[in-house]
Structure formats: C-alpha cells, structure tokens
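Data first, discussion second: the structure below is written as structure tokens.
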Amino acid sequence: MSADELTTPGPTSPGTVAGGRASLRGSLLASELLTLFRRRRTQAILAVLAGVPLLIAVAVKLSAGNGDGEGGGPPLIDRLSHNGLFVGVTALIVSIPLFVPVAIGVVAGDTIAGEANLGTLRYLLLAPAGRTRLLLVKFGGAAAFCLAAPLVVVVAGAAIGAVLFDVGAVPLLSGDTVSVPESILRALLVAGYVAVSMLGLSAVGLFVSTLTEIPVGAMAATVTLAITSQILDALPQVDAIHPYLLSDHWLDLGDLLRTPISWDSFGANAILQVGYVIVFGALAWARLTTRDVLS
Amino acid sequence: MTTGTAAASGEPAIATTGLVKRFRHQTAVAGIDLAVPRGAVYGFLGPNGSGKTTTIRVLLGLSAATAGEVRVLGRPMPRDLRTVLPRVGALVEGPAFYPFLSGAANLRRLDAADRGAPARTRQARIADALERVGLTNAAGKRVRAYSLGMKQRLGIAAALLGPRDLLVLDEPTNGLDPQGTREVRHLVSNLAADGTTVFVSSHLLAEVEQVCTHIGVMSAGRLVAQGTLAELAATGTSRLHLLTPDGGTAVGVLARLGLGLEGAVVDGDEVTAVLPAATVPEPEKIVAELVRADVRVRGFSLRRESLEDRFVALTGEGFEVVR
C-alpha cells in the first residue's frame, strides 16, 4: 500500500447502485450455501453420515459370510443382502434417532450464533443484509442441509450396496416387489421424508442460535431437544402430547415402502414440521430483529 | 462525491440528540449530542470504556438507543437503515472474518449481503478495495493465515467496497505497525479529500490529531467536548510563568490587564498562573505592561496547553479503567 496507490480515488457513482438486481448466482443465499458446503466441518459431517451405510454394509457382508444363515438382526437389515440399493435406506433409518439430528443440530445451531461468535454477524448487518432477510437466508441454508444430509446417506448407501451386494428387484414391506428404477425413486422419497422431518428441528436450532453467541451451546441445546422429544415420544404416560412432538413422525416412513404408497404419514409429518417452522421461525425473528448485536 | 438530497440540504453526516444507551447495570452512553458536519474528519476520542464503541453501534443500528434521536446522513436511524447503511462503510470493534475463507471470498460474501451492490461490478470493486489497502497479493490466502494488521486492512477494504458518503472507523489503527498507522492516516486524508465524511474513533489523540478537522471527547459516557480543532484549543488554558523579585507588583499589573488571577501563586522570585487561553493577550503585551510598571522581568513564558494536555484534562490521566 504505497502512498501513490492510495491516491487513486475509489468508485464514485452511487447512481449505479440501483442497477442490476443480484441474480441467484451472486445472491446472499448462494453465498450462504457456498460458505456452508465448502466449510470443512460441513464436509466432515456429511462424510461421517456417509460412513453409516458403509459400516452397516460391511457388517452385514461379514456376518453373511459366516455362513450363519438366518441372522437375528432386524428384518430390514436382513433384506440388505437381497438388494444393495436398500443399504442407503436402512442406514438412513438407523441414523434418524441420533446421527441425523446431531448433524442438523450442528448446522442449525451454528446459523446465527456462529456468525455472532466470529463477529461477522455485525458486518453482515452493516452491509446491510437486513435482519429478516439474513434469518430467511440462514434457514434456507439449514433447509438445504436437511436435504443434503439424508441424500448423502441414501446415495452413499446405494453406491456401497451396489458394490457389495446384488442389485435387482426389491421386495417391499407390503410384500410386493418393485423394479430398480422404482426402488431408486422410493429411496429418494425416503430421503425427502427425512429432510422434511428435520425442518422443524432446524427452525428450533435457528431460534436457539439467536439466543446466544456461543455456537457449541446452541448446537448442544438443539440436539438435546431432539433427544428429549424422542424420549417423551416413547413414554406412554405423556401420550396426550405425542402428536405435538417434533419427532412424532420421524420413523413413520414405512408408508413410503409399501405398494401403493400411503401419503398419510407424509402429510401429517409435513403439517407438524411446518407448524414448528412457523412457531420457532417467528420466535427467532422476534428475537433477532430486536436484539442488540454486541459481539 | 455524493448527489444525495441530504447532502444538498447540508444536514450533518451524523447528528444525535440526547442519545442514551443503558445496559442492565450501567449507563454506557449518558445523553450525548453529537454533531458531525458533512466532509469533516471527526476524531471521536476517549479512553477505553468511555462509550465510544457503544455509541458507534447505536449510530449504525446494531444496537437500539435507550433514549434520544439518531440521524445519519440526514435520515433517522435505525428506521431508514436500509437506505443509509449502503452509503456507510464501517469498521466496528476490530475486523471479523470467516477464517476458513480467503480475503477476497470474505469480501464477496459481505458484498452479496448488500442487496444494492451490483453483482456485475463485484469483482472489480473487490480488486480495487484490496489494492487500496495493499492486500492484492494476499487476496487468495485464507484469513486464518492473516496477521492482525492484515485483518485490519481487510476490514478497511470491506468498508471501501462501494462508494461511501460516510466512513465510520472504530480504532482503525489497532494492531497496525507504525508504517501501517501512517498508511491509514494517509488513506483517511485521501478519502476526506474526495469529500467522504470520516468518523474515526481512537483512544490516542496523537493518532488522529494530524488528520482531524473536528474532535469530540468522550469520558465516562458523556461527550465532554466537541468542536473544531481550533475551537477546542481555544477552550483550553495557558500557563504563565514569570521570574521577578517584584512578585506583588507583578500580580497587580496582571490583574489590571483583566486576567483573572485567583490561581496566581507567588513563590519567592516565581509567579505562576493558569489562565483561560481565550482571554490571554499576546505575551509581548503583558511583558511591556510589566516593564512599564517597573517590574524587573528576569524570565517570562506563556505556554498554551497542548491538545494532548487538554485531552488528558478532560478525560483524566489514570491507567485505571474508570468504571
């Protein structure tokens, strides 16, 4: 930075600012997605999730090699050896109670608290990003991750399964058999179901994230809430509140694995999740738009 | 540099009336009336903890005022935040960046956050801002690997991403070496020459004294002085020092000259007095009067208090944090 360089005046035409409204490519949402998915931590989480189907597939392959015949495993896992494409779906179902919520908790809990912790929150607001817009963009990023996480499990599982096991027609829970393309579609549907299931948790995480400047705290709180919801859901003594619990429909995706597909649980789950998004989104908005940003 | 209506109407770049910011247990800002004229380089001085950064946060809408009015570039804040902030470049309480992104990628993200910033010219504006702070060669490096001084420069580059009418720089020379400090000073002068109003906070007078046209001094949440450099100097005091065996006569003469001498001390051959700088006549005139009254003047000095002395007088000298 020499004195000569400094004398160059900067761009001095405020009139041009109005021109060229940002396309998606250069938008804040695009920037958010790039920042999220290029981050090592996000990639590591996705890699861990991809490891779940790998672990299951290898375990099943080894136990099948024992010549033990009928294993005592859950029925779904037994089916794996018949069709590799189902490794992903099985791994995803196994991951729903803990692995996926932890991943979502880390990303959603980090949304605002992470920015506050780095100090970048104040600079985004000074840009000005707008508090409401920033919140929407942050939720958009978290929602994209909700889709990415189960998709990674399903795709990684299908790939590993195709290598280790046969690929062919798949028997469903209803006893019918579907073709390979149909089974791929079903696997993607299951991933979509889990993505929708995690939207509510993301909104909860977003809200918790506006309460603190310590991202780890927000992450832990979000994951704790997810676990608590599942515990309550398992207690018959409190069955009055079961329909309102975040996790009430998390494991109801069996309907998607029958013929014909029953959309009842998908619909009920979607309504519940949208409710959580509205309530916790509103709380997050109320908090962020009135908060003093002091970090 | 601006064609905005506010500039035409000559409204101050920053104006607050009775600005108060209270946190749960303490009043950080206790009713201040800032007036920063257009085109000024305003040095916002005060020791650590005197409320400078809190004030800046409220000015920029990061924090809500407990009471009082804030107008920035002629518009009420935070109501018109969306139209005001794109014209304001700011560095608040040190630079902050994503350590895992490069310097240029950090600026891209900040620019994307500004809805009004055209994506078409983004690359060019970023390159320009990086060049102005001398970071062109480090643009592709992750911020994790930046030194504190480099981060500070990147923070200033972020403030220069677009055409700005007002720059708010909170302690911009923190972490910079003397060379970097000089460069920042130079940069501020150049921006001011372009017509940009610069509001620069510092706890060191020496750092801003050379570039400022105006100064405001904060102490314990209050604005204890504000004005142009000349005005501020005029409100200071001068110290008179006279060596003479005729102390009693001398004090009489000085009193006749209209110098309030309640503080005059005669100690043997020495007379000392502290006088308000604004009313003191030229020293040669004082000496002439003394000699006319047969006072044997053996030594005479009239030293105007430096701005530094004034600053210390206003804010207190102690190392101790006051609150």
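Counting only residues that are of a type in the set (V, I, T) and closer than 13 Å to B:G155 by Cα, which one in the stretch B:105-135 is farthest from the other protein chains (Cβ to nearest Cβ)? I'd like the intermediate steps shown before the answer.
Residues of the stretch B:105-135 that are of a type in the set (V, I, T), as a first pass: B:121, B:126, B:133.
Next, from what is left, pick out any that are closer than 13 Å to B:G155 by Cα: B:126, B:133.
Numbers: B:I126: 11, B:V133: 6 Å.
So, considering only residues that are of a type in the set (V, I, T) and closer than 13 Å to B:G155 by Cα, the one farthest from the other protein chains (Cβ to nearest Cβ) is B:I126.
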- Which ones in the stretch A:240-274 are small (G, A, S) and either in contact (Cβ under 8 Å) with a residue 12 or more places away in the chain or surrounded by 20 or more Cβ atoms within 10 Å (Cβ to Cβ) (or both)? A:S247, A:G254, A:S265, A:A268, A:A270
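In the stretch A:213-246, which residue that is hydroxyl-bearing (S, T, Y) and touching a Gly at 6+ places or on another chain (Cβ under 9 Å) is nearest to A:F280 (Cα to Cα)?
In the first step, residues of the stretch A:213-246 are kept if they are hydroxyl-bearing (S, T, Y); the result is A:222, A:224, A:228-229, A:244.
If we keep only those that are touching a Gly at 6+ places or on another chain (Cβ under 9 Å) too, we end up with A:222, A:224, A:244.
On the way: A:T222: 12, A:T224: 16, A:Y244: 14 Å.
That would be A:T222.
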- Message: Regarding the stretch B:307-319, can at least one residue be identified that is of a type outside the set (D, E), surrounded by 12 or more Cβ atoms within 10 Å (Cβ to Cβ), modelled with pLDDT of 75 or more and more than 21 Å from the chain's Cα centre (by Cα)?
- Response: no
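So which residues in the stretch A:160-188 are in a helix (DSSP H, G or I) and either more than 28 Å from the chain's Cα centre (by Cα) or touching a residue at least 60 places away in the same chain (Cβ under 8 Å) (or both)? Walk me through how you get there before you give the answer.
Initially, the stretch A:160-188 is screened for residues in a helix (DSSP H, G or I), giving A:160-164, A:180-188.
Listed by number, the residues that qualify are A:I160, A:G161, A:A162, A:V163, A:L164, A:V180, A:S183, A:I184, A:R186, A:A187.
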- Per the list (1) more than 22 Å from A:A144 (Cα to Cα); (2) in contact with a strand residue (DSSP E or B) (Cβ under 9 Å, 6 or more places away or on another chain), residue check on A:R186 breaks on (1)
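With at the interface with chain A (Cβ under 8 Å from one of its Cβ atoms) and either of a type in the set (F, W, Y) or touching a residue at least 40 places away in the same chain (Cβ under 8 Å) (or both) as the only criterion, which of B:V70, B:V92 stands out?
B:V92
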- Note on the structure: Per the list (1) under 25 Å from the mean Cα position of the chain (by Cα); (2) in a loop (DSSP other than H, G, I, E, B); (3) surrounded by 22 or more Cβ atoms within 10 Å (Cβ to Cβ), residue check on B:R57 breaks on (2)
- Message: Out of everything in the stretch B:74-85 that is surrounded by 21 or more Cβ atoms within 10 Å (Cβ to Cβ) and assigned to a helix (DSSP H, G or I), what residue ends up being nearest to the other protein chains (Cβ to nearest Cβ)?
- Response: B:L85
- Only one of A:G51, A:G67, A:G20 is in a loop (DSSP other than H, G, I, E, B) and either modelled with pLDDT of 65 or more or at the interface with another protein chain (Cβ under 7 Å from one of its Cβ atoms) (or both); which? A:G20
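Mind listing whichever residues of the stretch B:198-243 are over 20 Å from B:R310 (Cβ atoms) and within 14 Å of chain A (Cβ to nearest Cβ)? Can you show your working first?
Looking only at the stretch B:198-243, we keep the residues that are over 20 Å from B:R310 (Cβ atoms), and these are B:198-199, B:242-243.
Answer for the stretch B:198-243, where residues must be over 20 Å from B:R310 (Cβ atoms) and within 14 Å of chain A (Cβ to nearest Cβ): B:V198, B:F199.
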- Could you list, in sequence order, the residues of the stretch B:188-238 that are in contact with an Asp or Glu (Cβ under 7 Å, 6 or more places away or on another chain) and over 30 Å from B:V280 (Cα atoms)? B:T196, B:T197, B:S201, B:S202
- Message: Residues to consider are B:A117, B:A65, B:A112; find the one that is outside any helix (DSSP H, G or I) and more than 25 Å from the chain's Cα centre (by Cα).
- Response: B:A117
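Within the stretch A:250-268, how many residues are assigned to a helix (DSSP H, G or I) and in contact with a Ser or Thr (Cβ under 6 Å, 6 or more places away or on another chain)? Outline the logic, then answer.
Going through the stretch A:250-268, the residues assigned to a helix (DSSP H, G or I) turn out to be A:252-257, A:264-268.
Retained after the next criterion (residues that are in contact with a Ser or Thr (Cβ under 6 Å, 6 or more places away or on another chain)): A:252, A:255.
Qualifying residue count, the stretch A:250-268: 2.
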- Query: Which is more than 28 Å from A:T289 (Cβ to Cβ), crowded, with 20+ Cβ neighbours inside 10 Å and of a type in the set (A, V, I, L, M, F, W, C), of A:V153, A:V178, A:V167?
  - Reply: A:V153
- Hits in the stretch B:187-221 (condition: surrounded by 17 or more Cβ atoms within 10 Å (Cβ to Cβ) and of a type in the set (D, E, K, R)): B:E207, B:E209
- Query: Only one residue in A:F139, A:F86 is touching a strand residue (DSSP E or B) at 6+ places or on another chain (Cβ under 8 Å), in a helix (DSSP H, G or I) and of a type in the set (A, V, I, L, M, F, W, C), so which one is that?
  - Reply: A:F86
- Restricting the search to the stretch A:129-177, which residues are among the hydrophobic types (A, V, I, L, M, F, W, C) and within 14 Å of chain B (Cβ to nearest Cβ)? A:A129, A:L134, A:L135, A:L136, A:V137
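The values are calculated or read from the model by the stated rules, or taken from the named source; none is laboratory data. Source: prediction; values computed, not measured. Backbone-built Cβ (ideal geometry, glycine too); neighbour counts: all protein chains shown.
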